[in-house]
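Next up is a structure, given as structure tokens.
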Amino acid sequence: MLRFLAVVLLMASLALAQFDPTRPWFTVRTEHFDIHYHAGLERVASEAAIYAEKAYALLVEDFEPPPGRISLVLSDVGDTLNGFASPAEGRVGIFTGQFRSSDLFNPRLSSWWETVIFHEIVHIFDLSQVRGPLKDQTRIFGRLPAQSAVKPLPFVEGTALYLKYKKLGESRLNDATTRMMLRQMVLSGRFPSLDEIRQAYSRSTWPYLGFLVYNYSAWLVQYLEVRFGEDAYRRFTEANAGMLAFKDFNEPFRRAFGVSLDQIYADFVRWLPGQFEGEIARIQAEGLTPITRLSNLGFFSEGATDSPNGLVYSHASPLRSGLRIIVNESERELLNGPAQYPEWSPDGRYLLFTASSAVSPYFVGSDLYQYDRLEGRVKRLTQGERVYYARYAPDGKSIFLAKNTPDGSTELARYFIEFNRTQPLRSFPHQDGVIHSFAVAPDGNSLVLALLRRGGFQDLYRYTLQTGALTPLTQDRNVDSDPVFSPDGRYLIYSSDVNRVYNLYAYRLEDGAVFQVTNLLTGAFQPTFSHDKERIIFVGYDETGYNLYQVSYDPSAWKRVELEREPLPAFKPAEAAGGEPYNPFPYLRPLYWLPMAGVGVDGFGLGVSFAASDPVGLHAYSVGAGFDSSLRGVFYDLAYRYAGLGFPLVLQAVGAGRDSAQGIAASFWSPQGSLGLQYVRSDVLEPALDPNQNTVTHAFSLRLNGASTTGSDLFRSRSSLMAVGTAFVREGSPDWRYRLQGALGLQFRLPLEASHVVGLRLGGGFTTSPLALDGFDLGAWPLVAGGQPPLAVRGFAPGQLRGQQALVGSLEYRLPPWSLERGLGNWPLFFDDLSLSVFLDAGAAGSPLDLNQLRFSLGAELRLGLTLFYQVPAGLLLGGAQGLGEPGPRLYLGLVWPGL
């Protein structure tokens, strides 16, 4: 029992920091917040403090304040847009990157900081509400928002979007992209079921899960207040916060409104079409533009670029990821892997694109790459430049770049290919001018930038290279994106969401006249010209996702429109925060504790556990202790992690009765894998050595882990390697002993639409110790958690295959999963995928190894994917294996739990 409890503690305790703790950190305090930021974000911290307090004041109108102060951590984690909230810790994390934010978020608020800070603080308020008798739980257990946090995702993420719209006037709820996707649902008459939007799961169909639980669900939350009044969400919160986490989620709705969630959702689906029928009729009355579809894969098909060599675009979906090329209506994959915003060079030989990857555990970087069509190879052009968008100069000798900076601002630069040198051109400090995209004029003397300015204005600006002048072309509240010059240089074709409907527009440079190029029921984005200059190719939307479309380039067919110019709001950069050096120790008191209990054949155990970490993640610890009746004594598990050295250093002490162990471990990360070092001193009773005396052992271990994935279109190949070497010595013996084990895994997804997977596992080990307890036991345990041990032969009992040397192998075939995607009513249990695999295991163990003793087994495993409490992935595994020559099969049942 002790060992089980200790493992659970260890798995749940010391997660890695989400921010780089080696940077110099500072703290500035406001009435309700501690704002933590690293060097370089002083002005950001001042502005974040203003928006945090504003959000607090707005939300306290509808919610009880969360307990204690809130820590808000600002960090540059690289070229990614995101934030997060941890209500149990009272912590919010905000990432500074905000490039091309209008692709994913509504940019119309005053700044990215207002948008993301409000969203995450909603979670802190909403998910920490406790009412009624359950308040006694918080008095006993501390800040553990179990009943408020455990609810379907529409009432987590959809709530944040709705409240942002309600309090600030803008969010993804009312942006043009959300309206476009909802119009398509209305047109097709297909709406997701409640099961499809309720929780996290492995969804492989469009719309993608993120849209359903955020944008679509925001409309469901809005419907509550449309139907039941402006205080409806507050009433629902009051009801839910006084109930247990594990419940039929119809109950808080019945208590608040007298109607079940099932009935509310059915009524919502009937109500939603009426919100778009007028808009659809208006668009249709203006005459739809005839267009032709060029691609058919849907999901995210974007960034087209055309040349006589073919039409290339970027695609990402659950089945595929990479650059694809269409030649003479025949399509194939050109490059596999993440790649965005491709562009052919003027001579058609090279293909330019950007791609991002993890460069450290705390940082994701984006850089510029070039594919050589003639040589069929990719060359990396920049290293650490943080390039997210690039376009060739007309002569093909240089490339214009948009780059991220640490504080969330952007820069314009020029890269000279021959000299491998980057020249800065223009910076846009304080995020007043975040470059979304740009086009290079045919004469190469100017660029037109789609630039997001403070106040939520994303417009087109002309930047002149010779003078550095920046001149606004458009200036209104429409979101203008992805400009491209017409072949004759007279027009700029771009995407804009006039009247909250994305279409293509043309700006005539000679007089500033604006024309509507397309009129579509869904949307039009990212225009480019065909190589023959006669067609505009663009990204459109349909019920399968985004695809490529084309329309004739015919200025005579365009409709002139008048767009009223609006003044930009005044913007004054915030003063730099005068924070004090970050002190992690006040944050290390435990905010909550949990009871532990277990019953086994040999007795029972009771105990408590608690854990804490500082907001930045410099320090973390976990503590577990209790009484085990089988040992007639106490057990404990103490662990501490320090991350300030650039790698995590972990100290741990575990004990129960007469047994104890102390260890120190460090791990080192690289993009290819990790290296772990560990020392453990154990003082345990080993009856095989001395039935009356504990044995003290000193062990030094080195662990290597690596993994890589390659692919081509539907085919995927994944390899993984694990090796552990240990040198150990027992006190009283002068001899050092050694133990080495390793495993190689290969997995192949066959190039078929359905997921057929073939897996191969090879492993082995040896030890120089003659003692049986130091050897290998290949008998598979009857109860598994998360998978078999690396050296195991299923179908044989523990003790049947033992020795100082071992060799194993396994061949597995996994059939396509059956997508259940059904919940157990409205209880927090969801059945995801059911999959079946068949396998052949082989292995031998001995002292020494004798391959003539190789044993085989055949078997099958059934895995049921689960989502627990709406967000926790898990699974059930039922397996059976027949060892050849054995009297009968061995069956096993296990719970596949995250982290195990």
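The values are calculated or read from the model by the stated rules, or taken from the named source; none is laboratory data. Bear in mind that the values here come from a model prediction, so they are computed numbers and not experimental data. Positions of Cβ are generated from backbone atoms using ideal geometry, with glycine treated the same way; all protein chains shown enter the neighbour counts.
Considering only region 548-586, state which residues are without any contact (Cβ under 8 Å) to a residue 40 or more places away in the chain, farther than 27 Å from Ser111 by Cα, within 38 Å of the chain's Cα centre (by Cα) and in a loop (DSSP other than H, G, I, E, B).
Pro584
Hey, another quick one. Could you list, in sequence order, all residues of region 507-524 that are outside any loop (DSSP other than H, G, I, E, B) and either more than 23 Å from Arg293 (Cα to Cα) or touching a Lys or Arg at 6+ places or on another chain (Cβ under 9 Å) (or both)?
The answer is Tyr507, Arg508, Val514, Phe515, Gln516.
Where in region 215-267 are there helices (runs of 4 or more DSSP H), lying wholly inside it, with at least 2 residues that are closer than 24 Å to Leu182 by Cα?
217-228, 232-240
A follow-up question, please. So which pairs qualify, if the first residue must be in region 281-293 and assigned to a helix (DSSP H, G or I), the second must be surrounded by 10 or more Cβ atoms within 10 Å (Cβ to Cβ), the Cβ gap must be under 6 Å, and the two must be at least 6 apart or on different chains?
Going by the 6 Å Cβ cut-off, the qualifying pairs are Ile283/Leu521.
Can you tell me which residue within region 32-59, out of those that are part of a loop (DSSP other than H, G, I, E, B) and touching a residue at least 24 places away in the same chain (Cβ under 8 Å), is nearest to Glu230 (Cα to Cα)?
Within region 32-59, the match that is nearest to Glu230 (Cα to Cα) is His32.
Would you mind stating whether Lys533 is in the same structural domain as Pro318 (by TED's automatic domain parsing), more than 30 Å from Leu41 (Cα to Cα) and charged (D, E, K, R)?
Spelling it out, Lys533 is indeed in the same structural domain as Pro318 (by TED's automatic domain parsing), more than 30 Å from Leu41 (Cα to Cα) and charged (D, E, K, R).
Next up: Please go through region 841-869 and give me each residue that is part of a strand (DSSP E or B), aliphatic (A, V, I, L, M) and either closer than 28 Å to Ala772 by Cβ or outside the structural domain of Ala806 (by TED's automatic domain parsing) (or both), ordered by number.
Of everything in region 841-869, those that are part of a strand (DSSP E or B), aliphatic (A, V, I, L, M) and either closer than 28 Å to Ala772 by Cβ or outside the structural domain of Ala806 (by TED's automatic domain parsing) (or both) turn out to be Ala842, Ala844, Ala845.
How many residues are under 21 Å from Asn583 (Cα atoms) and surrounded by fewer than 21 Cβ atoms within 10 Å (Cβ to Cβ) if we restrict to region 78-98?
Total satisfying the criteria: 3.
This table checks each residue for (1) at pLDDT 95 or above; (2) closer than 29 Å to Asp482 by Cα; (3) in contact with a Ser or Thr (Cβ under 8 Å, 6 or more places away or on another chain).
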| site | (1), (2), (3) |
| --- | --- |
| Met11 | no, no, no |
| Leu16 | no, no, no |
| Phe26 | yes, no, no |
| Arg29 | yes, no, no |
| Ile35 | yes, no, yes |
| Pro66 | no, no, yes |
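Additional query: Kindly provide the set of residues from region 839-853 that are surrounded by fewer than 21 Cβ atoms within 10 Å (Cβ to Cβ) and in contact (Cβ under 8 Å) with a residue 12 or more places away in the chain, ordered by number.
If the condition is that a residue be surrounded by fewer than 21 Cβ atoms within 10 Å (Cβ to Cβ) and in contact (Cβ under 8 Å) with a residue 12 or more places away in the chain, then Leu840, Ala842, Gly846, Ser847, Pro848, Leu849, Leu851 are the ones that fit.
I'm trying to understand the selection: among the residues of region 460-494, which are assigned to a loop (DSSP other than H, G, I, E, B), of a type outside the set (Asp, Glu) and within 30 Å of Glu534 (Cβ to Cβ)?
Leu465, Leu473, Thr474, Asn478, Val479, Ser486, Pro487, Gly489, Arg490
Continuing with the same structure: Can you tell me which residues in region 643-659 are surrounded by fewer than 17 Cβ atoms within 10 Å (Cβ to Cβ) and in a strand (DSSP E or B)?
Within region 643-659, Leu649, Leu651, Ala653 meet the criteria.
Identify, by number, the condition in (1) aromatic (Phe, Trp, Tyr); (2) in contact (Cβ under 8 Å) with a residue 60 or more places away in the chain; (3) surrounded by fewer than 19 Cβ atoms within 10 Å (Cβ to Cβ) that Phe796 doesn't meet.
Just one mismatch for Phe796, condition (3).
Additional query: Is there a residue in region 803-811 that is in the same structural domain as Ser755 (by TED's automatic domain parsing) and assigned to a loop (DSSP other than H, G, I, E, B)?
Yes: region 803-811 contains one or more residues that are in the same structural domain as Ser755 (by TED's automatic domain parsing) and assigned to a loop (DSSP other than H, G, I, E, B).
Would you call Tyr494 surrounded by 21 or more Cβ atoms within 10 Å (Cβ to Cβ), in contact (Cβ under 8 Å) with a residue 24 or more places away in the chain and touching a Pro at 6+ places or on another chain (Cβ under 8 Å)?
Spelling it out, Tyr494 is indeed surrounded by 21 or more Cβ atoms within 10 Å (Cβ to Cβ), in contact (Cβ under 8 Å) with a residue 24 or more places away in the chain and touching a Pro at 6+ places or on another chain (Cβ under 8 Å).
Please enumerate the residues belonging to region 64-86 that are free of Cβ contacts under 8 Å to residues at least 12 places away in the same chain and over 22 Å from the mean Cα position of the chain (by Cα).
Answer for region 64-86, where residues must be free of Cβ contacts under 8 Å to residues at least 12 places away in the same chain and over 22 Å from the mean Cα position of the chain (by Cα): there is none.
When you check Ala639 against the structure, is it surrounded by 14 or more Cβ atoms within 10 Å (Cβ to Cβ), touching a strand residue (DSSP E or B) at 6+ places or on another chain (Cβ under 8 Å), of a type outside the set (Asp, Glu) and not assigned by TED's automatic domain parsing to the domain that holds Thr768, yes or no?
Spelling it out, Ala639 is indeed surrounded by 14 or more Cβ atoms within 10 Å (Cβ to Cβ), touching a strand residue (DSSP E or B) at 6+ places or on another chain (Cβ under 8 Å), of a type outside the set (Asp, Glu) and not assigned by TED's automatic domain parsing to the domain that holds Thr768.
Which condition does Pro590 not pass, out of (1) within 27 Å of the chain's Cα centre (by Cα); (2) in a loop (DSSP other than H, G, I, E, B), if it passes all the others?
(1)
Continuing with this model, one more query. Just one of the numbered conditions (1) in the same structural domain as Leu374 (by TED's automatic domain parsing); (2) among the aliphatic types (A, V, I, L, M); (3) surrounded by fewer than 19 Cβ atoms within 10 Å (Cβ to Cβ) is not true of Val259; which one?
(1)
Being surrounded by fewer than 20 Cβ atoms within 10 Å (Cβ to Cβ), in a loop (DSSP other than H, G, I, E, B) and modelled with pLDDT of 65 or more is the filter here; which residues of region 115-152 pass it?
Answer for region 115-152, where residues must be surrounded by fewer than 20 Cβ atoms within 10 Å (Cβ to Cβ), in a loop (DSSP other than H, G, I, E, B) and modelled with pLDDT of 65 or more: just Arg131.
How many residues, within region 158-174, are surrounded by fewer than 23 Cβ atoms within 10 Å (Cβ to Cβ) and either touching a Phe, Trp or Tyr at 6+ places or on another chain (Cβ under 8 Å) or within 24 Å of Phe525 (Cα to Cα) (or both)?
Number satisfying all stated conditions: 4.
Of (1) buried (at least 20 other Cβ atoms within 10 Å of the Cβ); (2) assigned to a helix (DSSP H, G or I), His430 satisfies all except one. Which?
For His430, the failing item is (1).
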